[in-house]
Every structure is written in C-alpha cells, then in structure tokens.
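Notes follow the structure.
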Amino acid sequence: MIKKLLFLLILFAPFALYSQTNPTGNYSGYKITDHQLQSIMYSNPIELAGGVQINPSAGFQDYYPSATTIRWNYTDPASIGGNCFVSGNGLKSIVAWDLNSKRSCLYDNTSSTPLLTYPVPSSTGTIYNAISSTGSYITVSAYKSINVYSGTSITPVMTFDLTTLPDTGTAGQVDMTSNGEYIIATASRNDSSTVMCFNRNSNIPLWKAKIGNSIYGVNISGNDSLVIVSTYNRYAIYNVYTGQTRYYGVNTNGSQAKFGISGNGGIIATCDLRGYMYVYEWNGTTYTLKWSMQEPPGTYYNWITAVDVSYDGSYIASGSLVFLSSSSYDGKIRLFKTSVGSTPLMLYAGCGDEINSVAFSKNARILTAAGWGDLSHQKFDYYIFKIMPEYNYYNIIYGLQTNGSLFCCSVSEDGTTGIAAGKAVHARQMGSGGLLYNINIDTSEGPTSIIGENEYTSEYELYQNFPNPFNPVTTIKFRINEPSNVKITIYDNKGRELQTLVNAYYVAGTYSAGFDASGLPSGIYYYKIEAGKFTDTKKMILLK
C-alpha cells in the first residue's frame with residue numbers, strides 16, 4: 001500500500017528545479033532525518049543540511065534516515081590535523097597537530113577545547129598517537145621518544161628514549177592494547193626498523209624485532225593478542241605478549257598503508273601501489289590467500305591506499321587513489337563481504353581524490369572514510385555508511401564537505417562517535433591550517449516505518465539518484481536478485497551515450513555507484529540499467 005502511495009505521489013507531484021548552495025563556513029553535512037523523510041512524503045520540497053533542496057519526486061524514501069550531526073569542529077590557524085583516534089567507548093579522542101605548533105591534544109565530546117595538551121619537540125616530523133578503550137591512557141610517539149600518559153596528566157608514566165638503541169631511528173607508528181597496559185612502538189628507519197613491546201609501567205622493552213624499512217602501520221587485533229606491522233615492502237604479524245612471529249609477508253609492489261586485521265587475527269587485508277588488495281585467512285598453521293582484487297589500471301597503475309577489516313572478520317573496506325591523468329585524480333570506497341569475495345557489496349566512486357582512511361565500528365554497522373576531496377571542494381571529504389545486511393542495505397547516510405582535505409578518521413566501538421582530522425586547504429595545495437571534526441553518529445537500527453515492509457525485497461530495482469537535483473556528484477543505487485552482469489549507462493537529453501558508469505559482475509544484493517558530472521553542463525540526463533533481463537531508465541537533473 002505504501003509503495004503504491006509513493007508511486008502515485010511521485011507520478012502526480014509537480015516538478016520544479018532547485019539550485020544547490022553551500023552554507024557559509026568551512027563545512028556542510030548532508031544527511032536525512034526522520035522528520036525530513038516524512039516531509040518529503042507529505043509536504044512541499046524541503047531544504048536539507050548543507051543547503052541541498054529536493055522535491056517529492058527525488059525518491060529519498062529508499063534512503064535510510066540519519067540524525068547524524070557535528071558535535072563540534074575546530075580550525076587550527078597554523079598546524080595540520082594528523083594521526084587521530086577515538087577511544088573505544090567514544091568519550092575521548094587523541095589528535096596529533098603537525099607542521100607548526102606541534103602537539104598532541106586530548107578531547108572529549110563536549111568542546112573543541114583540549115582536556116590536555118601533550119608537548120612534543122619542535123624538531124618532530126610526524127606525531128603518532130594511540131589511546132586505550134576508556135581513554136585512561138595515551139601514547140605519543142614523536143621524534144626520539146615514546147611517552148605514555150594517563151588521561152589526567154601531562155607527566156609521563158613511562159618514557160623510552162630511542163637514542164639508547166644502537167640504530168636510533170625516528171619514533172614511528174604506535175598502538176596500544178584496549179586496556180592500555182601494553183604498547184607496540186616502533187623506531188622507523190629507511191633501512192631496518194625496530195618493533196618493540198612495552199608494559200606501560202616499564203621502559204625496558206619486553207621484546208624487540210627487526211623489520212624491513214620505514215614503517216607505515218601498526219595495528220593491534222581487537223582481542224589484543226596479535227599485531228600487524230607494515231613497512232613499504234614487508235609486513236609481519238607478531239604475538240603482542242611474546243614477540244613470536246606468526247607470519248612474515250612481502251609487498252612486491254610497495255605500500256604506504258596500515259593493514260587490516262580482524263579481532264582474533266583470523267583475517268588480514270593488505271594493499272599495494274599497483275591497486276591490489278589481498279585478503280588472507282589463518283588456517284591454523286599459516287595465512288593463505290582467500291581472494292584478491294585490483295583497482296583497474298588505466299594509463300597509470302592506481303593505488304589501494306586504505307584497508308580495514310571488521311572485528312568479526314566478516315567485512316573488509318578499502319579506499320583508493322585513481323590517476324585519471326598525470327595531474328587529475330579520483331577515489332573510490334568499497335565494502336566487501338569476506339566470504340563472498342572480490343565483488344563488492346557497495347562501490348562509492350567519484351570521491352575526487354585519494355581516500356586515505358577507512359574504519360569500522362566494532363559491530364560493523366558503521367563504516368567511516370576520510371579523503372582529500374576534489375580541488376573545487378564540491379565533493380565529500382568524510383563519509384559515513386550504514387551496514388544493515390538484514391535489509392540488504394549498504395549505503396551512505398552522511399557526507400561532510402570541507403574547505404580542505406581530511407587525512408585520518410576513527411570511530412568508536414559502538415559507532416556513535418566519529419572523528420576526522422586534516423588540512424584547512426586541499427592536500428595538493430600549499431598552505432597550512434588544520435581541521436578537526438567530532439561527529440555524533442546516528443546508529444539507530446532498522447528502516448523507518450514509513451518505508452514499508454515490502455521496500456526491501458529481492459526484486460530487481462533501479463532507485464532514483466540522490467541527491468537530485470545534484471551538483472556535481474550524485475549516487476545511483478540499484479538492487480539485483482541473482483548474480484548478473486550489471487551495466488549502467490549515462491545519456492544526455494538527446495539520447496547520446498556519455499559514459500558507462502558500471503559494467504561488472506555482481507552477486508545478488510544492493511549496490512551504489514557515484515556519478516561525477518563535473519565536466520558536464522547543467523541540464524537533464526538519464527541513466528539506464530541493464531542486468532540480466534531487467535532494464536530501467538530514470539531521469540536526473542544537474543544544476544550548477
């Protein structure tokens with residue numbers, strides 16, 4: 001009944017054009033709330049956060065409503081926001097401020113005023129942080145020292161001086177167990193780096209190990225038993241408490257990413273600079289390749305720049321950097337079901353530039369991603385996706401535009417708190433100043449009641465693009481009920497084919513694809529899906 005009502009409403013609703021505008025300030029958050037969704041069904045066109053206007057024919061009823069909001073944000077006049085983590089309980093976060101006025105700051109959810117500021121030497125290059133699950137302990141790795149602090153004092157409870165090592169190196173990537181009792185720290189060098197484990201009450205390493213060259217990632221498994229350490233061309237998995245090497249791998253094509261590991265270490269995901277992501281599974285003796293995928297190369301090899309594995313190992317997320325030419329770029333976000341393989345449950349394309357950070361909540365209901373966005377700042381720099389397998393729903397519920405680029409994101413275990421930090425101008429432009437956002441994420445479960453019980457069926461369906469009208473990026477969502485080759489083609493208002501947006505084989509499920517119309521003039525366009533015997537065409541409006 002509800003679907004019929006929606007059909008009639010859309011069929012007879014008067015059609016009008018609405019321009020997109022950006023609000024004043026340095027961000028705009030795009031979201032859909034329960035109230036706004038009802039307004040779409042029962043009243044005149046409304047304006048969403050960020051100034052995007054829609055009308056009843058926009059088809060928003062198939063998008064999960066979100067009350068996600070920005071709790072607070074901060075713009076630093078000189079420093080750049082870097083390494084950032086939110087505590088497991090979501091109540092505190094630690095953020096590194098690099099370049100100028102270098103420091104690490106501890107925040108809560110009430111204000112952008114730091115609870116504590118941990119000093120670092122001015123000669124520091126990059127600052128690396130870690131935080132315990134409750135925020136009671138913080139590790140700051142900077143220049144030639146590893147410091148552990150309580151969340152109530154700037155006096156270290158433990159300090160390790162890297163100059164005591166015969167091959168000192170620079171304080172590098174760091175992580176700590178959920179209770180803050182053990183710290184995995186690194187001394188990074190171009191030739192051979194050192195991995196160390198400390199108890200927070202002693203500056204004598206429990207164990208040390210040598211690995212490859214410069215270290216790009218340290219990631220402790222959710223149950224605190226294993227840690228995966230990645231360098232440019234090697235990676236290793238160690239037992240946190242004993243230092244025993246569980247596995248040692250080689251990155252033939254190089255990588256600059258932190259690798260993903262599941263809660264019990266049973267699944268790991270690696271990536272490289274030729275666009276490959278490899279997923280491995282522990283068989284009781286060693287890690288064996290489960291499946292792999294590649295970001296298809298064009299004139300150049302594209303890169304996979306970020307990976308994460310959900311706590312239970314059932315999902316994997318990736319971010320990429322796509323080289324459109326020697327001086328133009330794009331990015332993509334993918335969500336995979338580990339047991340299914342390399343065909344993504346969701347593909348969000350048209351991100352404008354590199355996606356450099358992806359992070360799951362512990363229950364894998366929320367996925368966040370951060371990236372550089374496009375140079376004209378028309379695309380999102382921060383994304384929040386909802387994962388609801390019981391409704392076959394995997395889609396974006398919130399996007400954030402900034403005047404700069406974001407370098408890092410983190411999300412609490414329950415998914416209610418997200419943070420993201422970055423630069424106040426685009427990453428590819430000269431300039432300083434930093435950005436920091438604290439996000440209150442709506443994690444309410446289940447679809448809103450006005451969607452209707454039959455809205456999530458196993459039928460083929462092509463949804464109305466969102467937003468519509470749009471400028472210049474929109475998302476096209478579709479659903480298929482059996483494995484099929486799916487082709488989505490974009491046409492102009494004269495029926496001329498402009499672009500093949502999707503042409504790939506998919507298993508049954510619901511998927512999304514981003515369409516970037518930056519190079520097209522304002523006007524009416526069409527998109528057509530062909531999947532098995534199913535075809536459908538819908539209209540969309542580009543307004544610049």
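The values are calculated or read from the model by the stated rules, or taken from the named source; none is laboratory data. In this text the structure is predicted, and so the values were computed from the model without any measurement. Every residue, glycine among them, receives a Cβ derived from its backbone with ideal geometry; neighbour counts consider all protein chains shown.
Laid out as a table, the results:
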| item | result |
| --- | --- |
| Hits in the stretch 383-407 - residues which are buried (at least 23 other Cβ atoms within 10 Å of the Cβ) and within 19 Å of Trp97 (Cα to Cα) | Thr402, Gly404, Ser405, Leu406, Phe407 |
| Strands (runs of 3 or more DSSP E) wholly inside the stretch 321-411 that include at least 2 residues being closer than 30 Å to Pro483 by Cα | 333-337, 346-348, 355-360, 366-371, 382-388, 393-402 |
| Failed item in (1) modelled with pLDDT under 95; (2) within 23 Å of Asn147 (Cβ to Cβ), with Gly212 passing the rest | (2) |
| Filtered residue count, the stretch 496-526, keeping only those that are of a type in the set (Gly, Ala, Ser), in a loop (DSSP other than H, G, I, E, B) and under 17 Å from Asn471 (Cα atoms) | 4 |
| Strands (runs of 3 or more DSSP E) lying entirely in the stretch 69-136 (those with 1 or more residues that are closer than 26 Å to Met430 by Cα and among the acidic types (Asp, Glu)) | 69-76, 92-98 |
| Odd one out for Thr168 among (1) of a type in the set (Ser, Thr, Tyr); (2) within 23 Å of Thr124 (Cα to Cα); (3) touching a strand residue (DSSP E or B) at 6+ places or on another chain (Cβ under 6 Å) | (3) |
| Top-ranked residue of the stretch 329-360 - restricted to ones that are among the hydroxyl-bearing types (Ser, Thr, Tyr) and buried (at least 24 other Cβ atoms within 10 Å of the Cβ), ranked as modelled with the highest pLDDT | Ser357 |
